[in-house]
Structures are given as C-alpha cells and as structure tokens.
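I have placed the structure first, in the form of structure tokens, so that the comments after it can refer back to it.
Bear in mind that the values in this text are calculations on the coordinates, not laboratory data. Remember, it's a predicted structure, so these values are computed and weren't measured experimentally. Glycine also receives a Cβ, built like all others from the backbone with ideal geometry; neighbour counts cover every protein chain displayed.
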Amino acid sequence: MVARAEEHSRGPRDPSRRRFLKLAGAAAGGVGLQAVLPAKAKAVLSSDERAERHARDPALLIDLTRCVGCGSCVAACKLENELEWRRGEPSLGPRAELAASNWTVVATEAGGDGDGRTRYVKRQCLHCLEPACASACPVRALRKEPLGPITYDVDKCIGCRYCLMACPFGVPTFEWDRPISSVSKCNLCFERTSRGEATACAAACPVKAITFGPRGRLLEEARDRLAAEPERYVPHVYGESEVGGTSVLYVSDVAFSELGFDEGLPDEPLPDFTWKETRLIPSVAAGLGAALIALYVRRQKALLAREGNEGAR
Amino acid sequence: MSSVTTPQESTKRAWTLRMTSPRVALLAMAGLGFGVAVYRLIFGLGAATNLSDRWPWGLWVWWDVLTGVALAGGGYSTALLVHFLGRERWRAVERGALLTSLLGYLMVVTGLILDLGRWPNTWRALLFWAGNPHSVMFELIWCVGGYTVVQVVEFGYIFIERVRAPRLSRVLSAIYAPVLIVGIILPFLHQSALGSLYVIAAGRLDTLWWSMLLPLLFLMSSFFVGPAMATVESFLSARTHGRRPPTRALQEMLRLSAGIMVVYLGLKLGDLAWRGALPALVDGSVQSTLYLVEVGAGVLLPIILLLLPRVRSSPAGALTASVLVVLGVALNRANVVFTGMAAAAGGASYVPYWMEFAVTLGIIAAGILAYLFVTENFPIYREIRPEPPSSVEWAQLWPRQPRELRATR
C-alpha cells in the first residue's frame, strides 16, 4: 500500500526540485568561488616572510660554473648514507639519474649556446621551504624537520607514491625491485647538518662548487657572485623563488632550462594550491550535513503526513 | 507468497549462481587476476608492473581508483535524489545503483591496496591522529574506506530481506538515518578529492586539465556519470535476466545528467578561457586532440542526444548516450593521469605490463560475478519483480517512522 502510494507521490515540478537546484547551485558556487579566489589565510606567507623565516636553515649553494664533474660528492654521499653502487643506476655521465641508490648524481649536459663546453649538473633533493612531498604524504612519513631538511621515515610509509607525483623536481624515487619497496631521497645529511657540520657532498667537493651554510647567507652570496660577474652568470638564482623557495640554490652560466631545470614552475608553494581546496573540507562537510539533515527530516514529515491521509481514507 | 523469491523458487531458497560459458570465462579471468595479485604482493611492484620513477602511477590508479570511484558514483547520487530530494520513482533503480556502487568500491579498495608499495603498512593509514590533514591522499583513503563501510551497512537492509536476522535488523533500523547522511557526505568529499590529487601538479599537469576547479569537475562528472552507468548496467542486466529495464526512471535521471553536463561543460570551457588556455585547445597537439575527443564525444554529443526527447526515450538512444558519457569520463581520467602528465615525465614511456592488465581484468571479472550472484539471490530489481512487496516488509526495510519523529508528532 504505502510503497505504491509513494510511487505516484511526486510530480516532476514539486518544490523539492527547486530547493535542490538552489542548494546545488549555492554549494557549487561557494566551493568554486572559494577555490578560485586567492587564499587570504594567515598561514600563507609572503615570499619575503618565508625567506626571513628560513634564513637560518642549513642550505647548499651549487655553482655550476665551478663544477668539473669529478664525482667526489657522489662518492661521499654513498659512503655517508651507505648506498650501493648499482650497475643499472649510473650516478655520473649523460644518463645519470636519481634512483634508489643515488641520492645525488652529477649529470653531464651538453648545454651552452653552442659553445661546445659540457656542463656538470649536480642533482639532488632541493629541500623546499614548503615541500609538496611532505604535504602530500598521508602518513607523515616525509616531513620537514624544524631545522629545515626533509626526512623520510620508512616505518610509516605505505608506499602510495603520491610524493613522487607531487614533487615538482622529480626527486623522490622508489625501490621498484624490492618486494616491499621504500621511497628514497637525499635528507641533507640530517645528522651532520643538525650538528652544524657541512653535508658530506659539500665537504668533499675539491673545487668549492658546493657551499654549505645558512640559507639567508648563501642567498646573499649567490647575489654577490651574480653582481660581481654579470657577464659570467645568467641573472637567476634557481631555488630563490621556485615553488616558494628551496634550501638548495643554483647559479649557472647557461640558461637553467637548457640544463634540465624546469623554469615554468609557479613561485607559489605547491601545498598552498592544495590547501586552498582541503581547508574547505570541514565547512563543506558541516554545511552538507546540515542541509541533508534538514532535507531528511522534511521528507520524513511529508511521508508521515501522507501515511496519515492514507489511513484516514 | 513471499516477495523475495521468484515464483519458481518459492519453495526453496538455496543460494544459486547459474554457470554459463561466459561466466566460466569470467571465473577464469578472476582466477588469473588473483594469481597475479598474489605474485605482485610477494615479488613487488617492479616485478609485476612497468611503473617507474617517471611514471609512478599507471593503469591501476587510472582504472581501479580514479575511474572506478567515478563510475560507482551512481550509488550516492541516486541515494541523494531518492532519500533527500524525494524522487520516489527513481527508487526503481536505486538498489541496482547501490549494488554497483558497493561492488565498485570493494574493487577500488582491492586495487588501492595492491597498488601500495608497502602494503603490510596499510593499517598505518588508518591511524587517524597520526595522519596528515593537509594530504589529499589522507582524505581520500579515509573517505573511500569509510564510505565502503557505510555501503556494506546500507546493503545490510537488502541482506536482512533475504536472511532473517531480527537483532541485526533492529540495529540497522536504529542507525538508518545517520548512515544515509554520512553516505552522501563521504562521496562528495572523496569524489572531489580525486580531482584535488592533481592540483599539486601545478605547472606540470597540462594546462588543458590542470585547474583549481579540478575537485568540482571531478565531483560533477561522478554525479552525472551515475545515471549513465545505471542505464548501461540496467540494460546489460535486463538482457541477462530477460527483464525490462526501468526506462522511465532512467530517462528522467539521464535528463538530470544532461543538465549537470551543460553546467560542467560551461565551467570547463569558461575555466580554460579565464586562465587564457584556449589557444592550447587548437594547437593540434596530441593533448588538444584528446581533449577535444573527451569533451566533444564524451560531453557535448551526449548532451545533444539526451536533450532530444525522441532520442532519450528510445532505448537505443539512451543507451548510446550513456555509453558515450561513461567512456567520456574514463577518457577524462586517462587524460589527467596519462596525457596531461606525459610532458612532465620527460619523454619516458609507460605501457602497462601484462600482469597489470591481468589484475585489472581479474578485479572486473570478480566484480561482475559478484553482481550476478547478488542479483540472482537478493531482491534488487523491485519494479520488475512479479509482485510489489507487501507494506510490512517495506516498513521494515525503509523505516520511515523513525522513533524520534514519532515522538515529536
């Protein structure tokens, strides 16, 4: 009886449809608008404030004009962090790539506007001031230490690889050949640097291509070098503003884009983009919950009223 | 006569799954997928997939997670329309949609766990207070997991129709309303979270797909693909079981889909224009071609088909449009996962290993078999059953006189 009565209960043009459209429109509009408008949350720092806050973080300045490609830094890194030399994972040369056993590599790039000179590019984790990988990690296996470096805790990791997706520099790598794999990446020699010592790579560099120090001072140093020899350097300190700034800074004599650096990255920290969306979750959930409760109660009342009428008949 | 059995079966209520040759083939596929899945768990992702540091996510994330969750969207959208917005007539398709959704999510959770490189640590994602609220992945795991549990509970209402369990049925009645409500909130959150996953790829995901509106676009597409999926599924199921699909309810739902798709299309193109990315649409690249196919054949064409009453009301027309919508959403997800990220992968290529296909196909085969088993043993298609159920059973199943309301009257 009741079930059949309901079948014919609602015409297509009842008020609930209008209400639904209104609700849906309001919800969509609200979320859409909030997502598009620039976030003015207090948590979002200006780039100057961010640089100020991280001025004392341990950092590296890598001068690509000085690097001779000897690979001492790679050897020092492997010794310090007990990484293997693996046949299929070259750490020097044109095919050198970051890998599970390579926390840093020195890649050979045939860059430079046809001057024929080879450039050697030390690649490693850039230790973002606001790291996308740590913001993406669901279980806090990757985290930015209060001292600055971004470290990885294998015991927490579930292996979802969202950090690999999130990193704008393609830094974290995965141990694909293990049954239970882990993520691997440079930790800026966390134990050394938290004692105030230079990273193994910086300490090993024979030509002072890698300078270790507080980020604020290294940034000044980089600007000084560019100002002192403007004909030698391209006018760009890579890592000063990319994705909100990084602790590893590069200066170079050829355009960074020719050396495999992405120059199209936004200056805004990547976690800020996501946070503009995720911070809406509590209010969306609460608003939706309230609307659903209201709709549910209203419908129950309507159903009860209808049952009453049926009974009276 | 009890309404839960068909006339022929009214005397015995044994669990049945009729085996035909296609079903044997499905069983074989599921078996192969299971074997390969075990191999993958023992020997690792590198042994069973062609994933790499440049392509950390592949077939499983595209199909088993992103597309699977979207296509299962019919469950929450139908529940919202029936239980909160009073589209009573659409209840005819509700159970089918709920079942597809539940099985879809069980398939998604299976795929998700198989994709975890440190799967024995899966439980760590469930430590809520140790989690990272800034992580979209955290939100996703919690909402997908939670919603799967909610759906198991929702399915309990169908279960107790077939299996007598008075105590369980009392518990289920008591928590009916909150379960329904949570069952709408969680899908809203994680359907959009799937889009938010790629927001962090700012500057790397192709400008045609990267947008701050990704969460909204993913949410909307999961909503409008629901009725399309329900249509496809109803037609397939009707053919298998020799029944008539509930066309009237489906047509109305498809019209709603078309309306949402109009807004979706406007948002998508408006967003491109607002970001100044319209020129990328016509630059003749692979990306632009695939975008045009996605939007042209997967959104615009079905909108036109569904807005023509004659096409919509013909079974062939409704089915064609629905298939286009489903393929369009699958292509949209593929474009985000593969096409849009190809440039950022720096020329590295990814073609799934046969084992990846074997697992994905095995999960699908197992899902279809489970669907067949449930539809043949539980009362799923109400409208097309020989007799409408008696009011007593419905009162038990859909307690529309919750105690708190009766008290306030």
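Evaluation of residue A:87 against the conditions (1) touching a Lys or Arg at 6+ places or on another chain (Cβ under 7 Å); (2) more than 19 Å from residue A:200 (Cβ to Cβ); (3) among the charged types (D, E, K, R) shows that the sole unmet condition is (1).
Identification of helices (runs of 4 or more DSSP H) wholly contained in the stretch B:136-250 with 1 or more residues that are without any contact (Cβ under 8 Å) to a residue 24 or more places away in the chain, of a type in the set (Gly, Ala, Ser) and within 18 Å of residue B:75 (Cα to Cα) yields B:136-162. Looking only at residues that are in contact (Cβ under 8 Å) with a residue 40 or more places away in the chain and of a type in the set (A, V, I, L, M) in the stretch B:73-91, which one is farthest from residue B:186 (Cα to Cα)? Top of the filtered list is B:81. Scanning the stretch A:261-298 for residues that are facing chain B (nearest Cβ under 7 Å) and more than 30 Å from residue A:49 (Cβ to Cβ) yields A:285, A:288, A:289, A:292, A:293, A:295, A:296.
Selection of the stretch B:304-319 for residues being of a type in the set (A, V, I, L, M, F, W, C) and either surrounded by 15 or more Cβ atoms within 10 Å (Cβ to Cβ) or within 22 Å of residue B:239 (Cα to Cα) (or both) yields B:305, B:306, B:307, B:311, B:316, B:318, B:319.
Is it the case, given these coordinates, that residue B:69 is within 14 Å of the chain's Cα centre (by Cα), in a helix (DSSP H, G or I) and more than 7 Å from chain A (Cβ to nearest Cβ)? Against the criterion (within 14 Å of the chain's Cα centre (by Cα), in a helix (DSSP H, G or I) and more than 7 Å from chain A (Cβ to nearest Cβ)), residue B:69 qualifies. Residue-level analysis places residue A:254 among those that are away from chain B (no Cβ under 12 Å), aliphatic (A, V, I, L, M) and farther than 28 Å from residue A:45 by Cα. Restricted to the stretch A:96-195, the set of helices (runs of 4 or more DSSP H) holding at least 2 residues that are at the interface with chain B (Cβ under 9 Å from one of its Cβ atoms) comprises A:132-136, A:162-166. Inspection of the stretch A:214-224 finds no residue satisfying the criterion of being more than 14 Å from every other protein chain (Cβ to nearest Cβ), in contact (Cβ under 8 Å) with a residue 40 or more places away in the chain and assigned to a loop (DSSP other than H, G, I, E, B).
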